[in-house]
1. How many percent of DSSP beta bridges within the range 140-296 run antiparallel, rounded to 5?
2. Give me the distance between the Cα centres of the range 190-228 and the range 74-138, rounded to whole Å.
3. Taking amide H positions as placed in the peptide plane 1.01 Å from N, state which residues far from residue 296 in sequence (5 or more) or on other chains have amide H under 5 Å from it.
4. On a 0 to 90° scale, report how tilted helix 145-156 is relative to the longest principal axis of the chain, with both axes built from alpha carbons and the result rounded to the nearest 10.
5. Could you work out how much longer the chain between residue 211 and residue 88 gets when fully extended? Use 0.36 nm per residue separation minus the Cα distance between them, nm to one decimal.
6. Please arrange 100, 167 by accessible surface area, largest first, computed with a 1.4 Å probe and ligands excluded.
7. Taking the chain as a Gaussian network, where each spring joins two C-alpha atoms under 10 Å apart, which residue of 141, 212, 32 fluctuates the most?
8. Restricting to the chain, compute how many DSSP beta bridges are antiparallel as a %, nearest 5.
Amino acid sequence: MKLKLKNVFLAYFLVSIAGLLYALVQLAEQLRQKDLRISQLQADLRRPPPAPAQPPEPEALPTIYVVTPTYARLVQKAELVRLSQTLSLVPRLHWLLVEDAEGPTPLVSGLLAASGLLFTHLAVLTPKAQRLREGEPGWVRPRGVEQRNRALDWLRSRGGAVAGEKDPPPPGTRGVVYFADDDNTYSRELFEEMRWTRAVSVWPVGLVGGLRFEGPRVQDGRVVGFHTAWEPNRPFPVDMAGFAVSLPLLLAKPNARFDGTAARGHLESSLLSHLVDPKDLEPRAANCTRVLVWHTRTEKPKMKQEEQLQRQGRGSDPAVEV
């Protein structure tokens, strides 16, 4: 009996020793791994940090050609100043400002000269038959048609500007064309979203069409429809501020123009139908889930007091530019 107990005790002792040795080996391995990790971290700390990624030089970026029709009114200068200061934040940008006038006006010429932007100043007068009549709402007739088409003509030709500071881009120039009205509000992010457009890129526009926003509906990275309330069956139910076109595509399609006789809401479609199929539109702004441009409109100033003072011969000094 004593011999059996002794054997049991010996076996237990041997097993315990073996377990202890195993545990010590495991602990030693863990300590070795820990020391190795510490050594690696210390080596990483001593290694100089990698050089930060450098953004492309401005000369390497495709040029953004921003086309803006404008016309004389009390808020014209205020809206152009606001827009010009947004555009000044965007590298590699060329502003094509097109006046609805017989020639360049001193107000616009002076504003452009002071803007610090690369610009081209154009002018073309809207024919009388196409102009809004007194009391007509703005949606009755398409506006800015002649001016946008004049900018397209300039981009496609070597024709001079009325105050030309830059020749049209030569064939093969990388770039994108965007039609930016002077009464909208733009995030500078929008311009970087459109810069690498291959054909036609699109995004939502806020505060337009009686909705919080209008814009493409995107599924699996492709445009599958449009969020709009008015005439959704239009070929391209998008706002003028909701798309950009690659310059090479516009140059390759010389017949693509805005149609001044297009039905209400079809002005954008009259151009885009010559350029691309809706299924091939390129969604931007996080697959059209971010609003980076807003269809804001400046309230028309009420001039009752000014008119009253003018009748009294005490009106504001007309030499002071507003």
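1. Taking every DSSP beta bridge within the range 140-296, about 85 percent pair in antiparallel fashion.
2. Each part's Cα centre sits 25 Å from the other's.
3. 185
4. It works out to around 70 degrees.
5. Taking residue 211 through residue 88 to full extension adds about 41.3 nm, to one decimal.
6. 167, 100
7. Largest GNM mean-square fluctuation: 32.
8. Percentage antiparallel, nearest 5: 45.
The values are calculated or read from the model by the stated rules, or taken from the named source; none is laboratory data. Remember, predicted model here, so these are calculated numbers, not experimental data. Glycine gets a Cβ as well: all are built from the backbone with ideal geometry, and neighbour counts include every protein chain shown. SASA here: full protein model, heavy atoms, side chains in, ligands and nucleic acids out. Shrake-Rupley method; radii C 1.70, N 1.55, O 1.52, S 1.80 Å.
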